[in-house]
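The values are calculated or read from the model by the stated rules, or taken from the named source; none is laboratory data. Model, not experiment: these values are computed from the prediction. Ideal geometry is used to build each Cβ from the backbone, glycine not excepted, and the neighbour counts take in all protein chains shown. For the accessible areas, the whole protein counts, side chains as well, though only heavy atoms, and no ligand, DNA or RNA atoms are used. Shrake-Rupley method; radii C 1.70, N 1.55, O 1.52, S 1.80 Å.
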Amino acid sequence: EITEIIVWDNSGNFKTDLPVTVINSNHNFGANIRFNIAAMAKNEIIFTVDDDIKLKKGIISDLLKHYTDHTTIGIYGRNFDGSYKAGEHILAESISTPISVQHIVGYLLLTPKWTLLNQDYNKMTFVCGEVELFGSLLKQNLFKVIVPTDKFENLHDMKDENALSLQVGADEEYERVWRKYFL
């Protein structure tokens, strides 16, 4: 199901003999780089995943069942109620049918390549690029859907002290960017 893998390595130390393209950098560009390098991909469907999500066999099949070239699919979504902080959190392992959401949290997503092209990632905030990405696509014909799957682990455990969402000022930045697009 996956024909090409591109790894962005902020440590500059990742080495592998696997048949993947590895881009080593000694500069941390934040999470937005995962969207930016999609332009290098040969495929029209892009699957991005954070390095600390543990995937189980079959997750791609679960996601592809619901894919169209106007659908972005994820495992963690949000519907808002007046602010970025308020609203509903939807996890793929807790649902039995696909659910449309206003926002997909960028831990893992399957999206058409066109959604990631022609974005100005240099102007996006270091902390909350996926809010900027999906905010910029609001006027496009793009459906955002969380689909049922339990083929991943540890989403609830992701409290890494280096996570961008836990950095000082991140809450205010998420709220500011959210208001720019969603109000």
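For the reader, a short list of remarks on this structure follows.
- Counted charge near Ile2, where neighbours are those whose Cβ lies closer than 13 Å (Asp, Glu -1; Lys, Arg +1): 0
- Mean ellipticity per residue at 222 nm, deg cm²/dmol - from DSSP H runs of n ≥ 4 across the chain, formula -39500 (n - 2.57): -4500 deg cm²/dmol
- Only Lys, Arg, Asp and Glu carry charge here, each on its Cβ (+1 for the first two, -1 for the last two); on that basis the chain has a dipole of about 460 debye about its Cα centre.
- Peptides 50-62, 170-182, 71-83 ordered by average Cβ neighbours within 10 Å, highest first: 71-83, 170-182, 50-62
- For the chain, the solvent-accessible area with a 1.4 angstrom probe is 56 square angstrom per residue.
- Size of charge dipole - segment 44-103 - debye, nearest 20, with Cβ of Lys, Arg +1 and Asp, Glu -1, no other charges: 160
- Relative contact order %, the chain, counting alpha carbon pairs below 8 Å whose residues are six or more apart: 26
- For the chain, the fraction of 1.4 Å probe accessible surface lying on carbon and sulfur atoms is 49 percent.
- Three principal axis lengths of the chain [C-alpha, angstrom, descending]: 48, 36, 33
- Note on Phe143 and Phe80: the extension gain reaches 21.1 nm, defined as 0.36 nm multiplied by sequence separation minus the Cα-Cα distance.
- Among the lysines of segment 1-104, pairs at least eight places apart or on separate chains and with Cα atoms under 28 Å apart come to 12.
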